[in-house]
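The values are calculated or read from the model by the stated rules, or taken from the named source; none is laboratory data. Quick caveat, the model's predicted, so the values are computed rather than measured. With ideal geometry, Cβ positions are generated from the backbone for all residues, glycine too; neighbour counts draw on all protein chains shown. Please note that ligands, DNA and RNA were not included when accessible areas were found on the heavy atoms of the full protein model with its side chains. Shrake-Rupley method; radii C 1.70, N 1.55, O 1.52, S 1.80 Å.
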Amino acid sequence: MSQLADTLARFAEACSRNERLRQMNHDWNRLILVQPDDADPHWLFYQGGEAAVVEEGGEPDLIVEGSSAVLQNIFSGASTPTEPYMSGDLRVRGAQDDVMRLDIIALLIWGE
Amino acid sequence: MKTVVSISLGSSRRDHRAELTVLGEPVQVSRRGMDGRLDRALEVIHALDGRVDALGLGGVDRFLTVGARRYTVPVGEQLAQAATATPVVDGSGIKAVWEPLVVEQLAADRILKPGQTALMVSALDRYPMAAALEAAGLHLVCGDLMFSARIDYPIRTLAELAELGQRLVPEMVKLPFQRLYPVGSEQEAEPDPRFLRHFQDADVVAGDFHFIRRYLAGRLDGKVMLTTSTTADDVEMLLARGLATLVTTSPRLMGRTYGTNVLEAALVAVSGVRAEDPAWGDTVRAAGLSPFVVRPNPREVRA
């Protein structure tokens, strides 16, 4: 398993364990494609307040793109998504509300 | 006569001009909506710098205060820095001192009662009002995540609001302001009904009127609303939906009530005292401000 795959698995597990995030995301069912510029893609799936890494998906609701290092930093909590997003090092495509929700999840999940 | 101008990132269709009396002195006030255009707002502020006595910022905050912490909002700061001679205020000085006093008075008058549920559409930009409502014994439901991010998660205590604010605000203020607050034509969009049940469950609806209007889809029978910046059409619309009591924290002039930034700009223009000065609290309390209260059947107006 790659380092990013391992980080995403821990991110999904932390989301699912976090009661507040489970409540916030109870009605948020989304498929997220995490696409490193320099490696194979990964898929995150949110449903009923729980998150999981899945093997493959269909049409994604959100696409998160960047270098493996940037994605690794964001999903591990080493850095916040805002600055790489504003600088263009992180690219997120999807509905604006979904993009903001993913920002908020990333900001809330680490340090609780 | 002193002159103040409010530069709002909101719709220009709400522009107006009037005369206020503050500390016994008349002040000419006007609002100029920029329809969401930041570049235009910067140009206008630059053009008015040194030509008016104070400038207000509408539709964007310069500072957000959450508990003991104050966060600078980069866009608001950028706008404020566009003026070098004229003071620029965002209304946070009025929110910090005057709005809690209004809540205390409404509680003393039994318009607000312990045990009521108060929906604050956005509490992070009005933390002192939220704190005053909680201190008056009301149950808070803060809608910051609902109305700014469309996340159906009501925040039910001041402590959780502060905790979430400390985690989210330092990053969220870096995002484009249009993602967090309705500006330009968004202020005139049809109401979004997705959080209707929180309005239905509330006894009191409080906070920024643009957020309220953006999500206000149902009836308001028997409810109290505590807000600012309403026009005569807004008041008619609220009463037609059955609102029992409308309280605006600013006085009504020529059919409309003004935003906190307008009041603060007028007060700064007349007194020369700014919100960061130790004398600010006394200046606000001495200003003779009064809330505007409307109660239909019969409509009782107290100004």
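A few notes on this one:
- Chains B and A together bury roughly 2000 Å² of accessible area, counting both sides, with a 1.4 Å probe on protein heavy atoms only.
- Neighbours of residue A:80, meaning other residues whose beta-carbon lies under 14 angstrom from its beta-carbon, give a summed charge of -2 when Lys and Arg score +1 and Asp and Glu score -1.
- Accessible surface of the protein assembly as shown [probe 1.4 Å, protein heavy atoms]: carbon and sulfur percent: 47 percent
- The GNM of chain B, with springs linking C-alpha atoms under 10 angstrom apart, assigns the highest mean-square fluctuation among B:174, B:95, B:223 to B:174.
- Expected 222 nm ellipticity per residue - DSSP helices of 4 or more, -39500 (n - 2.57), all of chain A, to 500: -13000 deg cm²/dmol
- At least 40 Å² accessible surface lost relative to isolated chain, residues of the range B:110-157 (1.4 Å probe): B:149, B:150, B:151, B:152, B:153
- For chain B, built as a Gaussian network whose Cα springs stay under 10 Å, the top-fluctuating residue of B:129, B:146, B:225: B:146
- Model label sites at residue A:3 and residue A:110, defined 7 Å from Cα along the beta-carbon direction, differ in position by 1.3 nm.
- Relative to its residue count, the range A:1-76 spans a Cα convex hull of 82 Å³ per residue.
- Set of aspartates and glutamates near residue B:95 by C-alpha distance (under 20 Å), chain-local residues within fewer than 8 positions excluded: B:61, B:77, B:104, B:125, B:134, B:144, B:208, B:264, B:276, B:277, B:282
- Mean accessible surface per residue for the protein assembly as shown, computed with a 1.4 Å probe while every protein chain stays in place, in Å²: 41 Å²
- Applying 1/(1 + (r/R0)^6) with R0 = 45 Å to the Cβ-Cβ distance of residue B:13 and residue A:20 gives a FRET efficiency near 0.70.
- Highest-fluctuation residue, B:58, B:76, B:115 considered, GNM on chain B with Cα pairs under 10 Å: B:115
- The mean number of Cβ atoms from other chains found within 10 Å of a Cβ in peptide A:70-82 is 1, as a whole number.
- Pairwise FRET efficiency - residue A:52 versus residue B:166, Cβ, R0 = 30 Å, nearest 0.05: 0.55
- The lysines within cross-link reach of residue B:113, meaning a Cα-to-Cα straight distance under 17 Å and a gap of 8 or more places when in the same chain, are B:223.
- Using a Förster distance of 35 Å, the FRET efficiency for residue B:241-residue A:29 (Cβ separation, nearest 0.05): 0.60
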